[in-house]
């Protein structure tokens, strides 16, 4: 009995132990699951506010600037051609590519021997014609004097005939005497006719002499012109280009030996779209004489020339679009025909428009305006022009309101923002400068001096900048980028 009782107590204790272990395991498992399933306490949701740069819309009158690219051309160009053929015996000292000559200076002379010989022969012929003319004039004077004398004799013979007839009528004279007087009068009249014929021949000879003299003068003028054609003079002051002759060479008539360009008479040709062209017309449809600025990029020291819009092309070339415009350039030192320049053309002013950053406008021509409680509103505007990083818009009712300057995908209508307004202190416009070491400064100056493409004016300007204590960073970077540094 004791054995059975103890056995039952042992089984009970073992069962109780396993039951307690199972309950403990369940408790631990439930606690772990509850811990994993627990979520932190939810805080109340708060609206997210973004920072945004804003600018104030200020209506004003703005003159948009149209930017295009064009080519500098010479308005005054002359092909120098040899009028006479032969061997070149004399050349201007500056007869070379880029040589400068003044108006009236001798450019080229061809061997004038043949032309001088022809001129001398023509002068001799002219002297002979003048002598013949004087001889014809003297013969005409003599013929007229002989005619006058013969006329006097004829009158005397006629008077003698009348006297003999009167005497015969009074019975004093005879018929034989009257007949002799009549024959003498007839001979005198015939002599007058002969002298008149001589006078006519003398007058014809004088006309012939006049014609011969005129032909001699024409031949002399032609010979002098041929002699003058052996010399080529500069019609105006300018620069020589495309030189193709040397002293001692042979030229043919009408052969082009060089080209004379006036560097002071330049123009720029540039192409604009048809829409841009229409904005340059006045109310009558004519092209306005708008001011033009041409800029030539020369290693940071930009060359600038001002001018005026003068004309447009008469037709659109095949395969081209838009309009080709021409503007004259005034006081353009350093510019040469063929330079590629940037052209800035001032358009007619636009009234009551605003200038905004280009990043403030989206593809649908809408801007985000700061409303009540700093919430954004989308407002439609009219895009008029794009000017670099800015746009010119017309927006009725936005005067004085603030617009988001830089749109991002996070900003939109209804979003609340924290406006960031530009401070009163603005960065200065002075360019950033840098100090150069002597070696670096010398390398940059040597590069500028050895560059054959830079005009002397540009070299002097860049050299003056490089010799300063502090040099603009933009100039240094552009020079070193071309040096490969």
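Some points to look at:
- Any chance residue 406 is at pLDDT 85 or above, in contact with a helix residue (DSSP H, G or I) (Cβ under 7 Å, 6 or more places away or on another chain) and under 16 Å from residue 54 (Cα atoms): yes
- Entry remark, the stretch 110-129: residues being in contact with a helix residue (DSSP H, G or I) (Cβ under 7 Å, 6 or more places away or on another chain) and farther than 22 Å from residue 256 by Cα number 8 in total.
- Residue within the stretch 432-444 that is at pLDDT 80 or above, loosely packed, with under 10 Cβ neighbours inside 10 Å and assigned to a helix (DSSP H, G or I) present: yes
- Among the candidates 393, 417, 379, the residue that is closer than 30 Å to residue 327 by Cβ, surrounded by 13 or more Cβ atoms within 10 Å (Cβ to Cβ) and in contact with a strand residue (DSSP E or B) (Cβ under 7 Å, 6 or more places away or on another chain) is uniquely 393.
- Members of the stretch 222-243 found to be out of contact with any helix residue (DSSP H, G or I) (no Cβ under 8 Å at 6 or more places or on another chain) and either under 26 Å from residue 122 (Cα atoms) or assigned to a loop (DSSP other than H, G, I, E, B) (or both), listed by number: 225, 228, 231, 232, 233, 234, 235, 236, 237, 242, 243
- Condition met for residue 400 (under 19 Å from residue 353 (Cβ atoms), touching a residue at least 40 places away in the same chain (Cβ under 8 Å) and part of a loop (DSSP other than H, G, I, E, B)): yes
- Test: residue in the stretch 323-330 that is over 14 Å from the mean Cα position of the chain (by Cα) and either loosely packed, with under 13 Cβ neighbours inside 10 Å or not assigned by TED's automatic domain parsing to the domain that holds residue 466 (or both): yes
- Flag if residue 246 is part of a loop (DSSP other than H, G, I, E, B) and in contact (Cβ under 8 Å) with a residue 60 or more places away in the chain: yes
- Enumeration of residues in the stretch 349-364 that are assigned to a loop (DSSP other than H, G, I, E, B) and surrounded by 13 or more Cβ atoms within 10 Å (Cβ to Cβ): 361
Here is a yes/no grid of residues against (1) surrounded by 15 or more Cβ atoms within 10 Å (Cβ to Cβ); (2) under 60 Å from the mean Cα position of the chain (by Cα); (3) touching a residue at least 40 places away in the same chain (Cβ under 8 Å):
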residue	(1), (2), (3)
136	yes, no, yes
150	yes, no, yes
153	yes, no, no
156	no, no, no
178	yes, no, no
187	no, no, no
198	yes, no, yes
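- Tally of residues being touching a helix residue (DSSP H, G or I) at 6+ places or on another chain (Cβ under 9 Å) and over 9 Å from residue 185 (Cα atoms) across the stretch 157-171: 6
- The set of residues in the stretch 467-485 that are surrounded by 18 or more Cβ atoms within 10 Å (Cβ to Cβ) and part of a helix (DSSP H, G or I) comprises 475, 476, 479.
- The conditions of being surrounded by 13 or more Cβ atoms within 10 Å (Cβ to Cβ), part of a helix (DSSP H, G or I) and touching a residue at least 12 places away in the same chain (Cβ under 8 Å) are met by residue 216.
- The condition of being out of contact with any helix residue (DSSP H, G or I) (no Cβ under 8 Å at 6 or more places or on another chain), outside any loop (DSSP other than H, G, I, E, B) and modelled with pLDDT of 80 or more holds for only one of 378, 458, that being 378.
- Odd one out for residue 304 among (1) closer than 28 Å to residue 475 by Cα; (2) touching a helix residue (DSSP H, G or I) at 6+ places or on another chain (Cβ under 8 Å): (2)
- Test: residue 464 is outside any loop (DSSP other than H, G, I, E, B) and exposed (fewer than 11 other Cβ atoms within 10 Å of the Cβ): yes
- Considering 141, 89, 121, the condition of being surrounded by fewer than 18 Cβ atoms within 10 Å (Cβ to Cβ), farther than 30 Å from residue 276 by Cα and without any contact (Cβ under 8 Å) to a residue 24 or more places away in the chain is satisfied by 141 alone.
The values are calculated or read from the model by the stated rules, or taken from the named source; none is laboratory data. Since we're looking at a predicted model, the values are computed, not measured. When we count neighbours, we look across all protein chains shown, and the Cβ atoms used for this are built from the backbone with ideal geometry, even at glycine.
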